[in-house]
Amino acid sequence: MLSLVARGLRIGLALSLVGLPAAAGAKDLVAQGDAAWARRAEGHDGEGRAAPGPIVDAIRAYEAAVAAAPDALEPRWKLLRAFHFAADFASRGRDEEHAILDRATAAAEGARPLLERPGASTRDAAALHFWSAVAWAAWAQRHGLIGAVREGVAGRVHDDALAALELDPAVEKGGAHRMLARLHATLPRVPLLSGWVARDQAIPEMERALAIAPDHLGNRVLWALTLLDVAPMRRAEALAALETASAAEPSDEAIVEDLAIRKTARERLAEERAREPGG
């Protein structure tokens, strides 16, 4: 596994604990991580890319919190969430992105035994299942859908999404439903490996996500992409949804994420329009 520490601050994601009080308790460290997380959009480029500084600080604090309280679920899912943001929105090149994803999957694997213990907070357990699914889904994107199915990673993503859904159907504003919708819409169905894939479940899962958070830009764009994937007869509806998303203003709470989602909507809309006669 490529070490982020070895790559240094040049890539903006050194995970050293330097600068954190040695005696800080887990709660204080989580609070520090949360404060850095709230600043994650500082210095963004207006196109869905963030400056690495704040998310570096968040990762550093959450890792220290995990070390201080290894049985606690909250710092672990927040660390996975921070890794996701760092890889998707603040990495500087493919090598760095892959290094972050390696750390994320390792962190997800290390957290798995905690989810088997009784008495875990339902909210935190749901979030940990969800962000573990996100980490492994990113792995699947890197290695390809067929590889993800053959390696059993697709099944792991599916199981974590279902577990999150059972604990908290509204986790991450319909995130587990979003995840299941995309699995059903895009994965190949391979007996004994991904026999659970059902194209006719993709749209109902996205409808459930939209019912939970109709204004969530990710839900709206993935709704459109799911229609394009599994319901070509509803193409006009999908393109109208992409048009609306392309003009949407980013939310205050997720500026970088929404800018990136809006860019995806615009790019996919342009691709679809170019395929039309006279496009």
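The values are calculated or read from the model by the stated rules, or taken from the named source; none is laboratory data. In this text, all values refer to a predicted model and were calculated from it rather than measured experimentally. Neighbour counts run over all protein chains shown; Cβ positions are idealised from the backbone, glycine included.
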Just a yes or no: is a residue in region 88-98 aliphatic (A, V, I, L, M), over 18 Å from E253 (Cα atoms) and not assigned by TED's automatic domain parsing to the domain that holds A133?
-> no
Under 9 Å between Cβ atoms, at least 6 apart or on separate chains: pull out the pairs that start in region 211-232 with a residue that is within 19 Å of K263 (Cβ to Cβ) and end on any residue that is acidic (D, E) and crowded, with 18+ Cβ neighbours inside 10 Å.
-> L217/E257; L217/D258; G218/E257; G218/D258; T226/E205
Out of all the residues in region 17-25, is one or more at pLDDT below 95 and of a type in the set (V, I, T)?
-> yes
When region 209-227 is checked residue by residue, the ones that are more than 18 Å from the chain's Cα centre (by Cα) and either of a type in the set (S, T, N, Q) or not in a loop (DSSP other than H, G, I, E, B) (or both) are A211, A224, L227
What tally of residues in region 185-203 results from selecting those that are over 17 Å from A137 (Cα atoms), at pLDDT 85 or above and not basic (K, R)?
-> 4
Just give me the residues in region 123-159 being of a type in the set (V, I, T) and either modelled with pLDDT of 90 or more or not assigned by TED's automatic domain parsing to the domain that holds G175 (or both), in sequence order.
-> V134, V157
Determine which member of the set A107, A111, A133, A41 is in a helix (DSSP H, G or I), under 30 Å from S246 (Cα atoms), of a type in the set (A, V, I, L, M, F, W, C) and under 18 Å from the mean Cα position of the chain (by Cα).
-> A133
Evaluation of E166 against (1) under 28 Å from A26 (Cβ atoms); (2) outside any helix (DSSP H, G or I) (one fails), failing number = (2)
State which residue pairs qualify: first residue closer than 18 Å to R220 by Cβ and outside the structural domain of I146 (by TED's automatic domain parsing) and inside region 186-210, second residue small (G, A, S) and assigned to a loop (DSSP other than H, G, I, E, B) in any location, beta carbons under 6 Å apart, and separation of 6 or more residues or different chains.
-> A209/G174
When you look at D252, is it among the charged types (D, E, K, R) and in contact (Cβ under 8 Å) with a residue 24 or more places away in the chain, yes or no?
-> no
What are the residues in region 85-117 that are without any contact (Cβ under 8 Å) to a residue 40 or more places away in the chain and among the hydroxyl-bearing types (S, T, Y), if any?
-> T105
Does at least one position in region 236-250 carry a residue that is surrounded by 18 or more Cβ atoms within 10 Å (Cβ to Cβ) and closer than 27 Å to A38 by Cβ?
-> yes
